[in-house]
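Visitor: Following this message is one structure expressed as structure tokens.
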Amino acid sequence: MTARSSARTVLGWIGWAGGDAVGRLILLSASTIVLSRLIPAEEFGISAIVLTMSAAAALLVGAPFEEALVQKKVLRGAHLRTAFGFSMLVALALIALSLVGGPLLAGAYASPEMAMLLPVSMLSVAFSGHGDLVTALARRRHRFNDIAASNLISHAVGVPVSIAMALAGAGVWSLIVMRLVIVVVRSLCLQWQLRFPLMPQLSLSHLAALGRFASISFLDRFADNLNYLLFNNIVGSFFGLSALGQLNMAMRIVEPLRGAIVATSHNIVFSHFKRVAQTAKAAIAERNRVIALLAFVTATSFAGLAAIMPALVPVVSGPGWETATDIAICLSLGAAVLMPARPIFTALSAGNRPEFSLVSSLTGLAVTFLLLVAMKDSPPYVIGAARLIGDSWQALFALLAPIGKPDRWSSGERLRLLAPAWATAAVMALATGAFAVTVQPFGNILALCAAIPIGAAIQIGLMWLFTRPALLGIFDFLRGQPLRPGEQA
């Protein structure tokens, strides 16, 4: 494959992924606008507890296998069928446990509806496990367009169902059913597109063949989601369900973009890094260019989101969500710091070294947990600050972790890749935020409409002045052209 055709192929993947991300953001934003005006903050807090528990449980089902199936050099149907068989056994066990855990959870939070909310939400784990496995197959076949289409279709079905239920007075159930419908539709839609019959099989030998990579990858993803689970439960226990509802609203604004970028960049970049890792010097140069260019995109996106958040939250959520604004700013800043660093872990995982990402997730979880416990008597806005510090620690680990043979990737080299993106995004965010605050007295919508293009212009101007090769590299890529020889991002 030539450099130009490779660039066009990746551009096509990103075009679909970008359309999927934008479509999902529009749908989820529409649901937030409606649901925030129909459902009180406390019920958002209840749904946050239930949904994070089912999301963490889902990782026990399919996540142990997805990365291992993608990474494996020779994949046979028996590997997929064995992964499916064991994942279904785990799913059935988790659903059965939820029937017992639901009443216990209801008693702990003095919320009787949790007794049924948890088992119904837990039904999604069987389909999420299946979805992880067919996603692995799609990634191996480079069917990223099908993944994006399935994501978008599932949200196009789940969001209207949820809004209809909320308008009919279903309350917190509309939030639970939204996730259930999205997970089920995505799983079935991707299965239909791949046309690959997936039947369960139990084989200890094929399970063992998935080996070390499966266990470490699973622990990494589980630690990342355990962060959300502990985060929500600590907030609910120490700060109350109303504060947890404010956090949930902030996350509904920030996390869809964060989740879309994480999933899209990991799926596509993992495949790209794995392919270019066949040659040494060329692979290192290509890896560094991709990481540097992605850093500008992600740092700019989330820093800009933080800058306009004081005007955005009132437009999306309406009155009564002031604490959510402070938390959402911190969540956006945390993402602006961490997201540019995550491709470093992706590159290492593509080289069969997933333990760096695992250690980062575990230590970031510990930092966030300790800060929340230490600040339990503080005002609710510290919830966002704890998450910001935890994300910043993970980014710092990506820079400082000792990476020796065979990579020999120095901390200074990694810092030079990311620092320009962080610096320009910080200046842009400060200027855009100041402009938005100045215009905000004339209306939040006007502030948004004016601040977004101003922020984009500031970012392009800064890159033109100080990091012009990176800006030209992004423009080249958008035109479907490879980076010019010797060009450094």
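Visitor: May I ask for the net charge around Leu331, where only other residues with Cβ less than 13 Å from the Cβ of Leu331 are counted and Lys, Arg are +1 while Asp, Glu are -1?
Guide: 0
Visitor: Which order do the peptides 301-307, 448-454 come out in when sorted by mean C-beta neighbours inside 10 angstrom, highest first?
Guide: My ranking of the peptides, most packed first, is 301-307, 448-454.
Visitor: When ranked by the protection proxy of mean other Cβ atoms within 10 Å per residue, highest first, what sequence do the peptides 27-34, 357-364, 371-378 form?
Guide: Highest mean packing first, the order is 357-364, 27-34, 371-378.
Visitor: In Å and from the alpha-carbon atoms only, list the Rg and Dmax of region 340-453.
Guide: Rg, Dmax (Cα atoms, Å): 18.5, 58.
Visitor: Would you mind computing, in nm to one decimal, how far apart the modelled labels at Leu25 and Arg195 are, each placed 7 Å from Cα along Cα→Cβ?
Guide: Going by the 7 Å Cα→Cβ label model, 3.5 nm.
Visitor: Tell me, how many Å apart are the Cα centres for region 166-193 and for region 289-318?
Guide: If you average the Cα positions of each part, the centres end up 27 Å apart.
Visitor: Pro340: net charge of surrounding residues, Cβ under 13 Å, Lys/Arg +1, Asp/Glu -1, itself excluded? Don't skip to the answer; put the middle values down first.
Guide: Numbers: positive: Arg258, Arg342, Arg414, Arg416; negative: Asp391.
Surrounding charge for Pro340 is +3.
Visitor: Let me ask something else. In what sequence, highest mean first, do 89-97, 287-295 appear when ranked by Cβ atoms within 10 angstrom?
Guide: In decreasing order of mean packing, 89-97, 287-295 become 287-295, 89-97.
Visitor: Report the relative contact order of region 302-362, percent, no decimals, based on alpha-carbon pairs under 8 angstrom and at least 6 residues apart.
Guide: Once normalised by length, the contact order is 30 percent.
Computed from the coordinates by the stated procedures, all read-outs in this text should not be read as laboratory data. Keep in mind the model is a prediction, meaning the values are calculated, not measured. Ideal geometry is used to build each Cβ from the backbone, glycine not excepted, and the neighbour counts take in all protein chains shown.
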